[in-house]
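Let me begin by presenting the structure, written as structure tokens, before commenting on it.
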Amino acid sequence: MPLRTPAVLWLSGTAVSLLGTQAMAFALLWSAAAGGAPLAALTLTAVTLPRALLLLPAGAIADRLGAWRVLVAADTFAAAATLLFALLLAASPTTWWLIPLAALATGLADVAHLPASATVPRLLTDATNHHLTSAGGGLKGSGRSTSAGGRTPGSTRAGRPRGGSAAGAAPVEAGAARPADGRPDAPTAVAERPGTGLSRLMAGRQIAAQTAALAGPALGGLLVTAVGPAPVMAANAATFAAMVIVLLRLRPFLVPAPPTGAPNRAAAADRAGAADRVDAGLRLLLADVVLRPALALTAVAAGFLLPVSGLLLPLLARERHWSAADTGLLAGALAAGTGAVAVLVLARGTLGRPGRVVPGGLLLAAAGAGALAPVADPWPAALAALLAGAGSGLFATHVGPLFLARVPATHLARTQSVVVLAQTLPLLVTNTVLGALAGTHGVPPLLVGCAVVLAVAAGAGARALRAV
């Protein structure tokens, strides 16, 4: 299998699977709405509730069993369950209670899939770096190894721990090599600039998710109108089955080889104990001087940047009496800004030091959100939305690799489950609060408030992340 094929194969399978999932989600919600608002609300709850309750245990299971096994099991379950409910709905289209049950099955598969799939870019990057090192790609005698993108960071590959690490130990010390200058407090090159291959993979994944989020509901709407929900679900089951085939092809790259030599006692203790503790990922992130502020910035961005696009933008359009086409223009401009940055990172790799780009992106997004408040016409608002989207893209494409590059391989899924939860919980709270305040205070003050919070967080983040 050519060196670049695993990444392309995984991204292609992910894009198809995400498109099918988004199309089916719209089809389910549309069909549930036909049965009344309570059924639609129950369907949404059935999808999101497993994520809130089971995300941290799912991360621990993925670290214990391995991401590849969990992904194969989750996609196999999703394919079988989706096909089963498709057949049941085809046989009995008016049995409304099948819809929330199908949504619950989707939510259970999703919560198992999320933390495991988030580790795949790191696993593929590690496998690629190992291939390069085995082929003589490392620079012998220099203390450096060549990364996937051709850089030579002064560290071991992608944060792989030397000598193991106890759960909760700062990955700055346990997860990377000492810098070439010998200073114990110097930041590692892995933390400074995650490998270009890792950043490109995450950018490609973001492009796939963004494309699916835009095209999936439209495709689902067309299909559910033409053929009903059951065929849409059957088609989505086929995408899950296709993803299982992709994962089977990728097994050599996603199942790390067992370590050679004498087993390290600390690593053995970590596998025996911390793998069963769902809070190990949280403790590890909070112990790291870089990942702790990065996690806080991620939570702030989820709570005050995501509602700008998902909630406040449509409400602003209603308040300004803009048409649906104008509202679509704003949403498209924001998505275009995010997508353009992701494409640039996919083509060129990281655009600078994360310590500068991450808070800079958040500040740019704050400027865009604030600029939306006073505008009265759709076209200036579209420019502001484009600015907010570009800032969001800069933030997402550069903060994500930090979480993957700085943690030991034994804790990848658990830390990713914490990162996803840090985005889910603030969004649930702020969406509710902002939605209530919009009815009494209007949307522009809320946009200004979100912009201020994001700008303050960017300033604090610039100080906290100045070492990377």
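The values are calculated or read from the model by the stated rules, or taken from the named source; none is laboratory data. Bear in mind the structure is a predicted one, so any value in this text is a computation, not a measurement. Using ideal geometry, Cβ is built from the backbone for each residue, glycine included, and neighbour counts are taken over all protein chains shown.
In the stretch 238-267, the residue that is modelled with the lowest pLDDT out of those that are outside any helix (DSSP H, G or I) and among the aliphatic types (A, V, I, L, M) is A262. If only one of L42, L11, L18 is modelled with pLDDT of 90 or more, closer than 26 Å to V227 by Cβ and surrounded by fewer than 23 Cβ atoms within 10 Å (Cβ to Cβ), which one is it? Every option except L18 fails the conditions. Taking the criterion of being closer than 16 Å to A369 by Cα and either outside the structural domain of V399 (by TED's automatic domain parsing) or under 24 Å from the mean Cα position of the chain (by Cα) (or both), the residues of the stretch 427-455 that qualify are T430, N431, L434, C450, A451, V453, L454, A455. Of all the listed residues (R292, R320, R277), the sole one being at pLDDT below 90, farther than 29 Å from V8 by Cβ and surrounded by fewer than 22 Cβ atoms within 10 Å (Cβ to Cβ) is R277.
Exactly one residue among V407, V429, V399, V418 is of a type in the set (V, I, T), crowded, with 24+ Cβ neighbours inside 10 Å and at pLDDT below 90, and that residue is V407. For the stretch 319-331, filtering for residues that are without any contact (Cβ under 8 Å) to a residue 40 or more places away in the chain and within 23 Å of A208 (Cβ to Cβ) leaves 1.
Just one of (1) surrounded by fewer than 19 Cβ atoms within 10 Å (Cβ to Cβ); (2) in contact with a Phe, Trp or Tyr (Cβ under 7 Å, 6 or more places away or on another chain); (3) among the hydroxyl-bearing types (S, T, Y) fails for T440. It is (2).
Rundown of residues vs (1) part of a helix (DSSP H, G or I); (2) out of contact with any Phe, Trp or Tyr (no Cβ under 8 Å at 6 or more places or on another chain); (3) closer than 21 Å to A235 by Cβ, yes/no style:
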position: L53; (1), (2), (3): yes, yes, no
position: I61; (1), (2), (3): yes, yes, no
position: A73; (1), (2), (3): yes, yes, no
position: A79; (1), (2), (3): yes, no, yes
position: T94; (1), (2), (3): no, yes, no
position: A103; (1), (2), (3): yes, yes, yes
position: A109; (1), (2), (3): yes, no, yes
position: L124; (1), (2), (3): yes, no, no
position: A127; (1), (2), (3): yes, no, no
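Taking each residue of the stretch 108-125 that is free of Cβ contacts under 8 Å to residues at least 12 places away in the same chain and looking for partners that are not in a helix (DSSP H, G or I) with beta-carbon atoms closer than 6 Å, six or more apart or interchain, yields nothing. The number of residues in the stretch 183-219 being at pLDDT 50 or above and outside any helix (DSSP H, G or I) comes to 1.
Every condition in (1) polar (S, T, N, Q); (2) closer than 18 Å to V300 by Cβ; (3) out of contact with any Lys or Arg (no Cβ under 7 Å at 6 or more places or on another chain) is met by T440 except one, and the failing one is (2).
Would you tally the residues in the stretch 1-51 being in a helix (DSSP H, G or I) and either within 22 Å of the chain's Cα centre (by Cα) or closer than 21 Å to T119 by Cβ (or both)?
Filtering the stretch 1-51 down to residues in a helix (DSSP H, G or I) leaves 5-34, 37-51.
When the remaining residues are screened for being either within 22 Å of the chain's Cα centre (by Cα) or closer than 21 Å to T119 by Cβ (or both), the result is 5-26, 44-51.
Here the count works out to 30.
Pick from L351, L344, L305, L362: which is over 15 Å from A388 (Cα atoms) and modelled with pLDDT of 90 or more? Every option except L344 fails the conditions.
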